[in-house]
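The values are calculated or read from the model by the stated rules, or taken from the named source; none is laboratory data. Keep in mind the model is a prediction, meaning the values are calculated, not measured. Here Cβ is always computed from backbone atoms with ideal geometry, including for glycine, and neighbour counts include all displayed protein chains. Ligands, DNA and RNA are stripped out before the accessible areas are found, and what is left, the full protein with its side chains, is counted by its heavy atoms. Shrake-Rupley method; radii C 1.70, N 1.55, O 1.52, S 1.80 Å.
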Amino acid sequence: MSSIKRCLITEPRIETLSVKIVKMSTNLPGQSFYVTTPIFYVNDAPHIGHAYTEVAADVLARWHRQRGEDSFLLTGTDEHGEKVLRTAAANKTSAQEWTDKLVHDAWLPLLETIDIDNQDFIRTTEPRHEANVQKFMQKLYDAGFIYQGSFKGAYCVGCEEYKNKADLVDGTGEFEGQDVCAIHSKPVEQLEENNYFFKLSQFEEPLLNFFAENPNFIQPESARNEVVAFVKRGLDDLSISRSKEKFDWGIDIPWDDSHITYVWFDALLNYITAIGYGQDDAEFNKRWPATVQIVGKDILRFHAVIWPAMLMAADIKPPQQIFGHGWLLVGGEKMSKSKLTGIAPNQITDIFGSDAFRYYFMKAIAFGQDGSFSWEDLSARYHSELANGFGNLASRTLAMVRRYFDGVLQAPGQYSDADNQVIEVARTAVVNADRAIDEVAIHEAIAATWTLVDELNNFITVQEPWVLAKDEANRERLATVLYVASEGLRVLSVLLNPVIPKATGKLWAALTEGKLGDLADQRLTESANWDQLVEGTNIGELAVLFPRIETESAQ
Ligand code: MSP
């Protein structure tokens, strides 16, 4: 993007609807918090839709880590299948070379661009994945859940999915008169192959029972209702192999090397092969079942129907929760590269930085709902909420300690009602934000945190430390006001660390002089315990956390 101005013309503000989200199953003590993102196709470079999922999962993982849990974030790439193979061919290179290039040039750098702290990154072309997919397939085959049959029907390479009549719509323009995929608006292929089938139809009842016994398994509720209705309409067996006569970019079926594994069967298994399925039982048992698997609603059925059925067939527990988030819309449609509406994440981070990217998407869209991205809204929130609301609060508080007390934090005197109110707002903010995270309501956690930002700004306006500073007789009150504001900033550093880690890291360093240990080691649940900052701390200089972005300078 060369200019903010250009972007200012765009979309309406983020639209949100209310949604009822039920609590994520809580972790057992000592068990790991394990969160996953989908693994992304390497047919193209990432756009902000992919980055959105990554950030949401990363905020959850960082939040749980800040609580002191053994938090593990897995992400990665989905590299097999016809779609990737065709893209490689179109780029006149082999599939392996193509995927290596895209992973190293685009998908790993994405994690840097948006500051993702993942514990693992799995590629489906890795031996640890391929070998254990084969073990899993063999297990299902031996248990009688896989049989050979013939498949005749439609397939969309864009979705890598077998399609029913109901999934297709009439083509328009160059595809007039043809059946096209409702998602990609492109013609589907007619396949006629002898394939291996997974007995998905046998899992209709077990799945419905599982959904009933585990009401939080699929969230939000709208997603759950859609999946339950889908399963109730009846499930067909699923073709899980493709004949090598057509193409061979996939994992061999272990008992028949004339077939490769269907790409979705292969891909879903990444969530367990990455944590040791088939080769490290201790690690696997420590992490599985996953606490929450974040996916876009486009791939909800794969995760909420096929995935738990596969696991049940292998006698493995399904994950605790599948959370289907909404879409980023552009012009009212799901943003996508294939429809040329994709925006690269660094178009945003180059101007606003990774913290702003993370904050904006997590705050402006109710997690679980669709939202329209708008440069105008991003810029407005950046300036009003991050620069003026939080950044300015931090810089002026620290600047006043430096100006009025030579940068040395003073012990507070007796707390007034106003001070106690700040302390109470901080306590409530921590409790409410933490509860919201358990409900995977990331936007609510940030909103709860912002009650403290607003309270502190109001506190400073009302207490007028610059007026107190004019009279020596007010020294103790001035010291108390600045101590309370600094303590508030300490709580905010901890609460906001999962969302805007770069800014909070700088603030923490300036505020604590290393006296309270690392920010990462601060327990979120104890953050509102007051009076933690140490008297006599030398408050450091704080560079502007969120500089104003002038329209001219962004051009
Ligand atoms: N490879 C499969 C997933 C396999 S998981 C075992 C796949 N890959 S994908 O590259 O197409 O990524 C789809 C995911 O990207 C969505 O589920 C969502 O997480 C994210 N998004 C892609 N476009 C998006 C939007 N426009 N809005 C929000 N999220 C988006 O499907």
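Observations on the structure shown:
- Karplus-based coupling profile of the range 426-443, in residue order and whole Hz: 5, 4, 5, 4, 5, 5, 5, 5, 5, 5, 4, 5, 5, 9, 6, 9, 4, 4, with θ = phi - 60° in 6.51 cos²θ - 1.76 cosθ + 1.60 and x standing for Gly or Pro.
- For the range 375-554, size of Cβ-based charge dipole, Lys and Arg +1, Asp and Glu -1, in debye: 400
- Total charge dipole magnitude, the range 32-325, about the Cα centre, Cβ charges on Lys, Arg, Asp, Glu only, Debye to nearest 20: 520
- FRET efficiency, 1/(1 + (r/R0)^6) with R0 41 Å, evaluated for D257 and E189 via beta carbons: 0.95
- Of the residues F323, G278, Y196, the one whose Cα sits farthest toward the positive end of the charge dipole of the chain, with +1 on the Cβ of Lys and Arg and -1 on the Cβ of Asp and Glu, is F323.
- FRET efficiency for E245 and D315, using Cβ-Cβ distance with R0 set to 25 Å, rounded to 0.05: 0.15
- For the range 375-554, the spherically averaged projection of the C-alpha convex hull amounts to 10.7 nm².
- FRET E, pair E205, K286, Förster distance 22 Å, beta-carbon r, rounded to 0.05: 0.10
- Difference of contour (0.36 nm per residue) and Cα-Cα distance, E221 to D167: 17.2 nm
- Net charge of the neighbourhood of E79, taken over other residues with C-beta under 10 Å away and scored Lys/Arg +1, Asp/Glu -1, is -3.
- Each of D142 and Y415 was given a label point 7 Å from its Cα along the Cα-to-Cβ line. The distance between the two points is 6.3 nm.
- Summed over the residues of the chain and divided among them, the accessible surface reaches 40 Å² per residue at a probe radius of 1.4 Å.
- Fraction of accessible area attributable to carbon and sulfur, the range 174-217 (%, probe 1.4 Å): 42
- Lys/Arg +1, Asp/Glu -1 at C-beta; the range 375-554 dipole; positive extreme among G407, N457, V491: G407
- Of the solvent-accessible surface of the range 401-520, computed with a 1.4 Å probe and all protein chains present, 48% belongs to carbon and sulfur.
- For the range 32-325: rounded, prolate or oblate by the Cα gyration tensor [a/c cutoff 1.5]: rounded
- Spin-label model, A45 to A380: label points 7 Å out along the Cα-to-beta-carbon direction sit 3.0 nm apart.
- The residue among V295, I240, P127 whose Cα reaches farthest toward the positive pole of the charge dipole of the chain, with charges on the beta-carbon of Lys, Arg, Asp and Glu, is V295.
- Here the gap between N529 and N432, fully extended at 0.36 nm per residue and compared with their Cα-Cα distance, gives a gain of 33.4 nm.
- With one equal scatterer per alpha carbon and no solvent term, the Debye-computed log10 I(q)/I(0) for the chain at 0.06, 0.11 1/Å reads -0.34, -1.01.
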